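Engineer: So that we are looking at the same thing, I have put the structure below in structure tokens.
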Amino acid sequence: MNARVAVIGAGIGGLTSAALLAARGADVTVFEKESWVGGKARRVAVDGAEIDGGPTVFTYRNVFDTVFDACGARLEDHVTIAQAEVIARHAWGPDERLDLFADPERSEDAVGDFAGAQAARGYRNFRLEAERIFNVLEDPFLRGDKASTPLPMMWRIGPWKLGDMLAMRPFDGMWNALGGHFKDPRLQQLFGRYATYCGSSPFAAPATLMLIAHVEAQGVWVIEGGIHALAKALAGLAQRQGARVRCDAAVSEILTHNGRASGVRLANGEVIPADIVICNGDPAAIATARFGAGAAKAVPPLPPAKRSLSALVWYAHAETSGFDLSHHNVFFSPEYAREFREIAAGSTPSDPTVYVCAIDRGAHASAAPLHGTRERIQIIVNAPANGDTHAYTPEERARCTHAMMATLKRCVQKLEDPMPHQLMTPQDWEGLFPATGGALYGRASHGWAASFQRQGPRTRLPGLYCTGGATHPAAGVPMAALSGQLAARVIGQDLVSMKTSQPVATAGGMSMPSARTGSTG
């Protein structure tokens with residue numbers, strides 16, 4: 001593949017596409033505005049400890065096995081990884097606790113012990129339905145080319161497979177569908193929470209998103225060093241294929257010539273010619289001309305009302321007591337519907353559901369640290385994506401922290417108070433990822449057609465492609481990697497098409513200053 005490729009952003013999607021294209025012979029350079037690779041998968045220093053700063057749940061491992069294999073490597077040779085015995089620990093109060101396990105039969109028994117034999121049967125049926133939805137959609141949608149309407153995807157499934165099409169349940173609401181499996185509202189709440197994995201409300205998302213439960217049931221893995229370690233491994237993989245990764249290299253403009261992308265201009269004025277430009281950022285940044293007016297019409301704008309959830313995220317180094325934390329823990333709100341009504345109205349939840357990742361409790365560890373010993377934790381509460389219009393004052397930050405701690409206290413989880421921490425609000429996320437309002441997952445998956453409205457790899461501007469969690473197929477670490485695989489695949493197809501078409505595009509035919517060679521970051 002004889003092409004110069006400029007990748008904007010060293011997130012999971014961008015690094016995946018960079019590694020795969022470099023392995024096929026492309027001349028690839030990744031430009032990252034921050035001093036780290038990984039995008040949201042970063043590390044945050046608090047009280048002398050390094051806290052995982054982004055995604056914490058690692059699933060769908062075979063996606064990454066495939067990427068490393070395509071580059072002649074093995075994932076386990078580059079990260080230390082182990083499967084978690086407990087998928088997650090859930091609590092509603094001091095005496096209401098439920099673990100889900102890597103072993104589905106253990107999970108079924110646990111559900112039965114928690115809510116009775118009928119609930120166990122409901123869980124079994126739910127698990128089978130989630131698996132069927134996943135199996136129907138994995139190849140034509142999750143791993144397939146972006147379709148602007150359901151029709152191309154339905155054709156890939158096979159128009160004669162009407163049962164499979166109906167099994168996807170695109171026109172059924174997720175919350176109501178869960179009610180058909182679970183009469184206990186706590187279980188409806190637990191499995192409805194999977195909608196938030198792609199930044200959506202379980203009260204507005206389609207039942208199709210139940211497939212996320214199957215992805216998680218296939219295995220949750222714990223990586224030593226967190227998802228940031230995975231990002232560093234992907235960056236190293238790309239570099240071993242010949243790609244260059246430059247940090248502290250912000251791109252200010254996507255350049256165009258003769259109606260196609262022709263390179264990038266960095267914030268320092270440096271111009272980098274390229275045959276292909278990949279944007280591993282939220283497409284909203286392109287649409288709002290954050291990369292220049294020449295590329296602004298390459299993707300449609302995303303109305304703020306269509307944004308996914310944002311989040312309040314605390315990075316803390318603190319003593320914990322009371323609750324026996326696992327690696328992944330969820331403490332539920334007593335009024336889940338009210339929580340999402342408040343978010344939809346632009347407010348932070350008054351009585352939120354709280355996710356806690358106890359970073360130092362690995363795949364098999366469950367015992368608490370020694371008394372008086374601090375541990376690293378990341379805490380997440382869903383929030384509205386209003387970071388570009390709403391200023392989070394110190395008083396509001398303190399109020400959100402109090403509400404979070406009240407939820408934990410109700411479930412007998414105590415945190416050191418005052419707690420050494422750093423809090424990220426939607427306003428702070430907007431600062432890191434401009435034009436998003438702090439939305440962490442791109443477009444919300446609300447309604448049957450939302451998944452088909454996500455930006456795909458190709459844009460309206462020839463030579464410009466998109467990848468990352470805000471693009472097809474969905475948000476999340478493995479989905480971002482799938483988007484990187486898809487971008488690399490369609491770029492390969494398009495380059496072949498360009499070579500066989502007439503007239504042939506002339507490499508380097510751009511009217512711009514000469515490029516200055518930059519150092520590898």
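Engineer: Could you compute the net charge surrounding Leu302? Neighbours are other residues with a C-beta less than 11 Å from the C-beta of Leu302; K and R count +1, D and E count -1. If you can, show how the numbers build up before the last one.
Structural biologist: On the way: positive: Lys306, Arg307, Arg443, Arg454; negative: Asp282.
Counting the neighbours of Leu302, the net charge comes to +3.
Engineer: Amide H to amide H, which residues 5 or more places from Val30 or on other chains are under 5 Å from it, using H placed in the peptide plane?
Structural biologist: Val7, Arg244, Val245, Arg246
Engineer: Residue farthest toward the positive end of the dipole of the chain, with Cβ of Lys/Arg at +1 and Asp/Glu at -1: which of Gly437, Gly346, Met210?
Structural biologist: The one lying farthest along the dipole's positive direction is Gly437.
Engineer: Can you tell me which aspartates and glutamates have their Cα less than 16 Å from the Cα of Lys297? Leave out same-chain residues fewer than eight positions away.
Structural biologist: Glu253, Asp282
Engineer: So, one more: Which of the helices in the chain meet the span-like rule: DSSP H, Cα axial reach of 15 Å or more, Kyte-Doolittle mean at least -1.0? Display every interim value, and only then the final one.
Structural biologist: Details: long enough: 12-23 (17 Å, 1.73); 104-115 (16 Å, -0.89); 117-137 (30 Å, -0.39); 226-240 (22 Å, 0.60); 394-410 (24 Å, -0.89); 477-500 (35 Å, 0.66).
Those that clear 15 Å and a mean of -1.0 are 12-23, 104-115, 117-137, 226-240, 394-410, 477-500.
Engineer: Okay, moving on. List the residues whose amide H sits under 5 Å from the amide H of Ser262, counting only those 5 or more places along or on another chain, with H placed 1.01 Å from N in the peptide plane.
Structural biologist: Leu255, Thr256, His257
Engineer: Using only the alpha carbon atoms of the chain, find the Kirkwood hydrodynamic radius as the inverse mean reciprocal pair distance, in angstroms to one decimal. Let's see the in-between values first.
Structural biologist: On the way: mean 1/r = 0.0425 Å⁻¹.
Roughly 23.5 Å, rounded to one decimal.
Engineer: So for Arg127, Arg24, fewest C-beta neighbours within 10 Å to most, what's the order?
Structural biologist: Starting with the residue having the fewest Cβ neighbours, the order is Arg24, Arg127.
Engineer: Please order Ser497, Ser107, Ser200, Ser321 by the number of other Cβ within 10 Å, starting at the fewest.
Structural biologist: Numbers: Ser497 9, Ser107 21, Ser200 26, Ser321 12.
Ordered by Cβ neighbours within 10 Å, fewest first: Ser497, Ser321, Ser107, Ser200.
Engineer: Helix-derived [θ] at 222 nm for the chain: sum -39500 (n - 2.57) over DSSP H runs of at least 4, divide by residue count, nearest 500?
Structural biologist: On the way: 15 runs with 168 residues, N = 521.
It comes out at -10000 deg cm²/dmol, rounded to the nearest 500.
Engineer: Net charge near Gly48, counting Lys/Arg +1 and Asp/Glu -1 over other residues with Cβ under 11 Å of its Cβ? Please report the intermediate quantities before stating the final value.
Structural biologist: Details: positive: Arg374, Arg376; negative: Asp47, Glu50.
Charge balance in the 11 Å sphere: 0.
Engineer: Express the relative contact order of the chain as a whole percentage, based on alpha carbon pairs under 8 Å and six or more residues apart in sequence.
Structural biologist: Details: 1178 pairs, mean separation 117.8, N = 521.
Answer for the chain is 23 percent.
Engineer: How do Phe31, Phe134 rank when sorted from fewest to most other Cβ atoms within 10 Å of their own Cβ?
Structural biologist: On the way: Phe31 27, Phe134 20.
Lowest count first: Phe134, Phe31.
Engineer: Would you mind giving the average projected area, over all directions, of the Cα convex hull of region 297-397 in nm² with one decimal? Let's see the in-between values first.
Structural biologist: Values: hull surface 37.5 nm².
With the hull built on Cα positions only, its mean projection is 9.4 nm².
Engineer: Residue by residue through region 269-285, what is 3J(HN,Hα) from phi via Karplus (6.51 cos²θ - 1.76 cosθ + 1.60, θ = phi - 60°)? Round to whole Hz and write x for glycine and proline.
Structural biologist: Once rounded to whole Hz, the list reads x, 5, 10, 10, x, 8, 7, 10, 10, 10, 9, 9, x, 5, x, 4, 5.
Engineer: Just add up the charged neighbours of Ala439: K/R +1, D/E -1, any other residue whose Cβ is under 11 Å from the Cβ of Ala439.
Structural biologist: Values: positive: Lys306, Arg307, Arg443; negative: Asp282, Asp388, Glu430.
That works out to 0.
Where a number appears in this text, it was derived from the coordinates with a stated rule and is not lab data. Computed from a predicted structure; not experimentally measured. As a convention, Cβ positions derive from the backbone with ideal geometry for all residues, glycine included, and neighbour counts pool all protein chains shown.
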